[in-house]
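In what follows, a single structure is set out as structure tokens and then discussed.
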Amino acid sequence: MYIITNALKNLGRNKGRNFLIGIILLVIIVATAIAIIINSTASSIIDDYKGRFGSEVSLNLDYDKAINEGNFVDSGENGKGVEEITPKQYFEFGDSKYIKEAQYNASSMINFKDLKPVDDVDDPDLMVRGYLIGSNAKNISDDFKKEARKIIDGAMYRQENECIVSQQFAELNKLKPGDEIEIILGKDRVHKLKISGIFEDNTMVSGGDAAQFMEKNPMLNRNNEILTGLDTIKKLGAENVTAAFSLKNPDDLKAFTAQLQKKGLPSYYKVATDEAGYKAVVGPVENMKKVTTTFMIVVLILGAIILLLISTLAIRERKYEIGVLRAMGMKKGKVGIGFVTEMIALTFACLIIGLSVSAFASQPIADSLLKNQIQIAEEAPTGNTVSHLDFGASAGAPASDDAKPLSELSVHLDFDAAIQIILIAIMLAIVSSIMGIVYITRYEPMKILSERN
Amino acid sequence: MKKALILEKTTYTYPGTKKKVLSNVNATFDKGKMYAVMGKSGAGKTTLLSLVSGLDTATEGRVLYDGQDLSKLNRDHYRARSVGVIFQGYNLLNNATAIDNIVLSMNISGVKCKKKKAKAYELLANVGIDKETADRPILKLSGGEQQRVGIARALAHNPDVVIADEPSGNLDAETEKNIMQIFQDIAHNEDKCVIIVTHSKNVAECADEVWGLNKGNLTFVKEKYVFPHAHELEEKGATSKEPA
Ligand SMILES: Nc1ncnc2c1ncn2[C@@H]1O[C@H](COP(=O)(O)OP(=O)(O)O)[C@@H](O)[C@H]1O
Ligand SMILES: [Mg+2]
């Protein structure tokens, strides 16, 4: 106990030396704390995105591979055409133990019985005038989330054979929720759907100008889309499917690929996670992390060297102190504990000040670092953006389409980061007392007597 | 008379040197007596004290405390409990106050006493250090004051053996007399063994036995040194004059 008291008193006794060490400790602690706070926030974001991007699988046609294997994209005279993935296959692919979620967007072209589509043309040969779209995918409801589409009457489809129709389509045909409509699939398959709701469509607004110059075509007007659930369209038969699979575990990609190929996926389809999208979003954060980590390591090394230097310069004082204490009969271990306590107390004081300083400073520093990295990323040539070759049906993780780099990082001090900072601080305390400890173990108290004479 | 320390054929050579600073020293120091050791500068007086105070061990031969070989004892414990040393260079913690130095020493020695601080002030008062002076850091004390703090510290844990390396070097005649009285008192009334290295005739006069150290040899000079017997001293190698 008296060792602790003496160590604390010693702090005040050697103000000059301890002030100097304190300032250096403070600088190191602030620098590393900011780096660690930023890093740990960045890490959790990176992990989060890795999980998301790493799990979203896309199936893309590898054009070169297809040709090398003797397939032609245009089925020519003496080559076989590229096999497309059928809707049925997509649904089979999604039925896998590796899959956490399979999002489908299925569509079929339809005609209407006794109903008029928006932008109709007078052409008796025209067999299709709209789309039936069935989906369990997020990006369908994204239209709703972004309020580009909005239910204005009734409700979203819930049960099988329910659908929602656009406001324009409903007004044109004097329809209201609860009414039934008849659609024609293929040549003459008539099917009844019940309207559960009516949506307002604003997705067409932006394209309005261009639409003026185009020929009127009900197929091009999104107001003629009849939206229904996936089960409904699955039963009626989907002509066109896009799918987005997400894996339970990103590490299962290989096993999943093998499974797909067993189920008949041609080898020239590439099963991939969205690396480019991940890079585009997380790249700047990752680079920022590299910068702060490097910075932290440099500060730690330099700081440790400076601390060692100071304690080397102050070793005369320390040696004398060791000699006096040892001559009085204090055991080596206790002298050591005293020195370490002294430095830990000093470090702890610096830790408290340092943590409060870095809590305030790390957000603006993170902001400016990230801004820098985004700038660098924007200036760099964008050679790594993927271009999906879509042939008929395709599946792709939608993320890379609107992959904007993370531009905001809300940093905070979490438990792990705090532990890391404290561990580093303890390490610093040990580094600052190491010279003294070395002398304690190597130094016999007798030396003081002879040196003093 | 109980034997406190026995030197048996004690020889000491500093590591890395060849010269025997002490060679084949045989001596016995009893409890209840005050000894004066005299000798020229460089004769090995401080070296001798470092051996009997357990700061170092003999190269050859043995130093026994209470019949036990010091080289085999826990010397940290021996220094902390059994011996009090007044160093030639004081060896106090310079940035700590006088009172802190004493209390720390008491703590290291495991002194069981509730009011250590009060006792420390008392010890300092005994050697003529008042409270105001006691609360000052060592560096802000005069040489004489530092020496007296050193003396108080050596006595603070009530050790069996008190060793002093020229304790009166910086003391005025009056203080010196007081201090010698204290040493005599603890030797004679508290049954301690007091060994003092000195050049001072006055100090030597207070001792019960005087020993001379010359060229590594420790020899008994006289029971109760009485001035002037300089010729006698010269013969045995002990001198009252320290050459500059
Ligand atoms: N650490 C040391 N290493 C080598 N020689 C030493 C050391 N300390 C003292 N000596 C030598 O030992 C001899 C005795 O020294 P010391 O005991 O200090 O003498 P005294 O105290 O009688 O003046 C001297 O010759 C001195 O030079
Ligand atoms: Mg000496």
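For chain A, take the longest principal axis of its alpha carbons; what is the angle in degrees between that and the long axis of helix A:253-262, to the nearest 10 within 0 to 90? The answer is roughly 30 degrees. Which percent, nearest 5, of DSSP beta bridges in the protein assembly as shown are antiparallel? In the protein assembly as shown, approximately 65 percent of DSSP beta bridges are antiparallel ones.
Counting only protein heavy atoms and using a 1.4 Å probe, what share of the accessible area of the protein assembly as shown belongs to carbon plus sulfur, as a whole percent? Let's see the in-between values first.
Details: 18490 of 34170 Å².
Ligands and nucleic acids excluded, carbon and sulfur give 54 percent.
Exposure check, 1.4 Å probe, all protein chains in place: A:Asp251 carries approximately 130 Å² of accessible surface.
Interface residues of the stretch B:72-93, defined as those losing at least 40 Å² of solvent-accessible heavy-atom surface relative to the isolated chain (probe radius 1.4 Å), are listed as B:Asp76, B:Arg79, B:Phe87, B:Asn91, B:Leu93.
If you take every DSSP beta bridge fully contained in chain B, what fraction is antiparallel? Give it as a percent rounded to 5. Antiparallel: roughly 55 percent of the beta bridges in chain B. Buried between B and A is an accessible area of approximately 2300 Å², summed over both sides with a 1.4 Å probe.
With q set to 0.09, 0.10 Å⁻¹, the log10 of I(q)/I(0) for chain B, from the Debye formula over equal scatterers at the Cα positions, is -0.36, -0.45. Projecting the alpha carbon convex hull of the stretch B:1-125 along each direction and taking the average yields 9.6 nm². For chain A, take the longest principal axis of its alpha carbons; what is the angle in degrees between that and the long axis of helix A:332-379, to the nearest 10 within 0 to 90? The two axes meet at around 30 degrees.
Between 0 and 90 degrees, the angle of helix A:2-13 with respect to the longest Cα principal axis of chain A falls at about 90 degrees.
With both residues required to sit in the stretch A:103-243, DSSP beta bridges show an antiparallel share near 70%. What does the C-alpha gyration tensor say about the overall shape of the stretch B:93-156? Classify as rounded when a/c is under 1.5, otherwise prolate if a/b is larger than b/c, or oblate. Prolate, since a/c reaches 1.5 and a/b exceeds b/c.
For the options B:Lys112, B:Lys215, B:Lys201, a Gaussian network treatment of chain B with springs between C-alpha atoms closer than 10 Å singles out B:Lys112 as fluctuating the most.
Of the listed pairs B:Lys72/B:Lys215; A:Lys97/A:Lys150; A:Lys9/B:Lys177; B:Lys72/B:Lys114; B:Lys40/B:Lys224; B:Lys20/B:Lys224, which have alpha-carbon separations greater than 24 Å here?
In this structure, B:Lys72/B:Lys215; A:Lys97/A:Lys150; A:Lys9/B:Lys177; B:Lys72/B:Lys114; B:Lys20/B:Lys224 exceed 24 Å between Cα atoms.
For chain A, leaving out every one of the GluC sites (Glu not before Pro) that falls in a DSSP loop and has at most 15 other Cβ atoms within 10 Å, the longest unbroken run is A:216-407. Distance from the C-alpha centroid of the stretch A:262-294 to that of the stretch A:319-351: 52 Å, rounded to the whole angstrom.
Would you please classify the overall shape of the stretch A:103-243 from the alpha carbon gyration tensor, given that a ≥ b ≥ c denote the square roots of the eigenvalues, rounded means a/c under 1.5, and beyond that prolate means a/b larger than b/c while oblate covers the rest? Rounded, since a/c falls under 1.5.
Taking B:Ala204, B:Ala152, B:Ala80 as the candidate residues, the one with maximal mean-square fluctuation in a Gaussian network model of chain B, Cα springs under 10 Å, is B:Ala80. With a simple spin-label model that places each label point 7 Å from the Cα along the Cα-to-Cβ direction, the separation between B:Glu190 and B:Asp135 comes to 2.7 nm.
If you place +1 on the Cβ of every Lys and Arg and -1 on the Cβ of every Asp and Glu, how big does the dipole about the Cα centre of the protein assembly as shown come out, in debye to the nearest 20?
Working: 84 positive and 86 negative charges, 1062 e Å.
For this selection, approximately 5100 debye.
A convex hull fitted to the Cα coordinates of the protein assembly as shown yields 264 cubic angstrom per residue. Interface residues of the stretch A:1-47, defined as a loss of at least 40 Å² in heavy-atom accessible area between the chain alone and the complex of all protein chains with a 1.4 Å probe, are A:Tyr2, A:Arg13.
Just the number please: accessible area per residue for the protein assembly as shown, 1.4 Å probe, all protein chains included, in Å². Let's see the in-between values first.
Details: 34170 Å² over 697 residues.
Accessible area per residue: 49 Å².
Anything over 29 Å Cα to Cα? Flag those among B:Lys115/B:Lys201; B:Lys9/B:Lys33; A:Lys319/B:Lys18, in the order listed. In this structure, B:Lys115/B:Lys201 exceed 29 Å between Cα atoms.
The values are calculated or read from the model by the stated rules, or taken from the named source; none is laboratory data. Owing to the predicted nature of the structure, the values given are computational and were not obtained by experimental measurement. All Cβ positions, glycine included, derive from the backbone under ideal geometry; neighbour counts span all protein chains shown. Accessible surface is based on the protein model in full, side chains and every heavy atom, while ligands, DNA and RNA are left aside. Shrake-Rupley method; radii C 1.70, N 1.55, O 1.52, S 1.80 Å.
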